[in-house]
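Colleague: Sharing a structure with you now.
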């Protein structure tokens, strides 16, 4: 027993030191992590421009490294800086034959962020199902929350009791649509601060994708492969999404972002649920931060991790117009990083992304 | 022999245990009343909204309760044993050293559990009046690392107190403090979900550590 106790003491000591010593080193070194650049696609120059942070200074550069003054930089990105250009009376009337109308520029702006921690963060499995067509200007929170396990249930918050009638109504709708309980994935955007309600995207036990909305109090559940046009039907049937991010955008263009069972990123676009593959090189959802931005003329996708940064500019039809790729300076390759690697051959980490985990590196 | 040892420990600790038990129950009752007030004063929807989307932890004040209880309980149990080196009497019983110290730890952990559980059960019962079962699961996940923190604090306190030399005592204390800290990361409801099994395993393994100190005590180190 004494030997076992000694081994446990030694193991605990080593494990704790492999966490606290590197932490102490980090504290002592106080080295700033290099930040990836923020990319823009200039619809004027047809190339990428960047905000780069070097310590505390912000520089505005293009792909070749040419520095720009702020006013020149803004001039090259009229769709990102239209308010400033409007104020300076410098906003071009049109670009590529498309008229620049401030209301339209504002309406067409899109920004979606997919961080690695969003992919597998646990959440409370209760979902407010908003009334999608209430006839009111603003969306309103319902007074009950939906729970989907082996059946659908609505729990009324005020009484903490089941709404049996509503639950039954929805169960019938799920059965009619051929939904296989329990769902593998439930994804929605549970807020009223959005222009309309897309409801919830569900992936049932068999891997089929559904969309659930509540219209005039009635369930509206669609199996997406059945409402999609024949061209994408087969794609939807084999997609088997493992992550879905729903974010309603003013133009109703993007329905959701999803990662398929084979780990590829897609956008679901338009009324007919068109599947647009995101043309990224080597995207790993659990490692890369993804940003999808859109404006009147282009779509811009960037993916960054500790080592690389890539940007892809697309036209409005999601065809690639330009690509950019750069390797990022990594602390591992600096003197500080090399000393660290020698001092601490392995590190025990409990990384914080809202969720603590056990990592041995 | 175990029964007699357990009875000895019970005689020694019953009043303190009763006080700790009552204090914890009273504290949990206070939290229940606070939760009741939150649910009565605010609209149900906004309370649920705070729970589901804003990660509001209704039981945050609870987090250091088990830690405090673990340390105090270990001190109450083992201080009398090391004062005037009374533990030596136990170690001279016709019983292996491991069994003797194990019996002490078993009684301590058992009493600690009996002090924790009614309060936690009360919290769970009250919460189930206003919240569905998902909340109870959240409560379990949020409370589990704090409880483990309490057990770990008890075990490492025993490990430190039974150690006869100051040099090792400081080392044991630092080891315990750095371990217990792992149970108190700033967290959200399911934040510990993936760490819980590892923490549980490490805490369970720490049960054997006080045996090492007792062994050194028995050998007469530091005297």
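The values are calculated or read from the model by the stated rules, or taken from the named source; none is laboratory data. Predicted model, so just to flag it, every value in this text is computed and none were measured. Note that we place each Cβ from the backbone using ideal geometry, even for glycine, and neighbour counts take in every protein chain shown.
Colleague: Among A:297, A:331, A:275, which is farther than 30 Å from residue A:200 by Cβ and in contact with a helix residue (DSSP H, G or I) (Cβ under 6 Å, 6 or more places away or on another chain)? So that I can check it myself, show each step before the final result.
Modeller: Working: A:297 fails: in contact with a helix residue (DSSP H, G or I) (Cβ under 6 Å, 6 or more places away or on another chain); A:275 fails: farther than 30 Å from residue A:200 by Cβ.
Criteria check complete, one pass: A:331.
Colleague: Also, quick follow-up: Of everything in the range B:69-105, what is without any contact (Cβ under 8 Å) to a residue 60 or more places away in the chain and within 17 Å of the chain's Cα centre (by Cα)? Give them in sequence order.
Modeller: Let us first name the residues in the range B:69-105 that are without any contact (Cβ under 8 Å) to a residue 60 or more places away in the chain, namely B:72, B:83-84, B:86, B:89, B:92, B:96.
Answer for the range B:69-105, where residues must be without any contact (Cβ under 8 Å) to a residue 60 or more places away in the chain and within 17 Å of the chain's Cα centre (by Cα): just B:72.
Colleague: Counting only residues that are in a loop (DSSP other than H, G, I, E, B) and within 23 Å of the chain's Cα centre (by Cα), how many does the range A:88-131 have? Give the derivation first.
Modeller: To start, the set of residues in the range A:88-131 that are in a loop (DSSP other than H, G, I, E, B) comprises A:88-93, A:96-97, A:100-101, A:108-109, A:115, A:120-126, A:128-130.
Keeping just the survivors that are within 23 Å of the chain's Cα centre (by Cα) gives A:108-109, A:115, A:120-126, A:128-130.
Counting residues in the range A:88-131 that are in a loop (DSSP other than H, G, I, E, B) and within 23 Å of the chain's Cα centre (by Cα) gives 13.
Colleague: Could I ask something else about it? Please go through the range A:330-345 and pick out each residue that is surrounded by 12 or more Cβ atoms within 10 Å (Cβ to Cβ) and either assigned to a loop (DSSP other than H, G, I, E, B) or modelled with pLDDT under 70 (or both).
Modeller: Passing the criteria: A:330, A:334, A:344.
Here's the yes/no breakdown for (1) in contact (Cβ under 8 Å) with a residue 60 or more places away in the chain; (2) in contact with a strand residue (DSSP E or B) (Cβ under 7 Å, 6 or more places away or on another chain):
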position: A:227; (1), (2): no, no
position: A:233; (1), (2): no, no
position: A:239; (1), (2): no, yes
position: A:244; (1), (2): no, yes
position: A:247; (1), (2): yes, yes
position: A:252; (1), (2): no, no
position: A:255; (1), (2): no, yes
position: A:260; (1), (2): no, yes
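Colleague: With respect to residue A:138, determine if the residue is in a loop (DSSP other than H, G, I, E, B) and under 24 Å from residue A:301 (Cβ atoms).
Modeller: Details: in a loop (DSSP other than H, G, I, E, B): yes; under 24 Å from residue A:301 (Cβ atoms): no.
When the stated conditions are applied, residue A:138 does not pass them.
Colleague: Then there is this: Does residue B:146 satisfy being within 9 Å of another protein chain (Cβ to nearest Cβ), surrounded by 16 or more Cβ atoms within 10 Å (Cβ to Cβ) and either in contact with a helix residue (DSSP H, G or I) (Cβ under 8 Å, 6 or more places away or on another chain) or at pLDDT 90 or above (or both)?
Modeller: Working: within 9 Å of another protein chain (Cβ to nearest Cβ): no; surrounded by 16 or more Cβ atoms within 10 Å (Cβ to Cβ): yes; either in contact with a helix residue (DSSP H, G or I) (Cβ under 8 Å, 6 or more places away or on another chain) or at pLDDT 90 or above (or both): yes.
So residue B:146 does not fit the description; no.
Colleague: Kindly indicate the residue of the range A:212-225 that is part of a strand (DSSP E or B) and in contact (Cβ under 8 Å) with a residue 60 or more places away in the chain and also surrounded by the most Cβ atoms within 10 Å (Cβ to Cβ) among those meeting that condition. I'd like the intermediate steps shown before the answer.
Modeller: So in the range A:212-225, the residues part of a strand (DSSP E or B) come out as A:212-215, A:218-223.
Imposing the further condition that a residue be in contact (Cβ under 8 Å) with a residue 60 or more places away in the chain reduces the set to A:212-215, A:220.
On the way: A:212: 27, A:213: 19, A:214: 22, A:215: 13, A:220: 15.
Filtering first and then ranking leaves A:212.
Colleague: Can I ask one more? Would you confirm whether or not the range B:206-223 contains a residue that is part of a helix (DSSP H, G or I), more than 11 Å from chain A (Cβ to nearest Cβ) and buried (at least 19 other Cβ atoms within 10 Å of the Cβ)?
Modeller: yes
Colleague: Identify, please: which residue in the range A:151-192 is within 14 Å of another protein chain (Cβ to nearest Cβ) and out of contact with any strand residue (DSSP E or B) (no Cβ under 8 Å at 6 or more places or on another chain) and is, among those, farthest from residue B:46 (Cα to Cα)?
Modeller: A:189
Colleague: With the range B:3-115 as the region, which helices (runs of 4 or more DSSP H) entirely inside it contain at least 2 residues that are touching a helix residue (DSSP H, G or I) at 6+ places or on another chain (Cβ under 9 Å) and over 30 Å from residue A:143 (Cα atoms)?
Modeller: On the way: elements: B:44-52, B:65-82, B:87-91.
Correct list: B:65-82, B:87-91.
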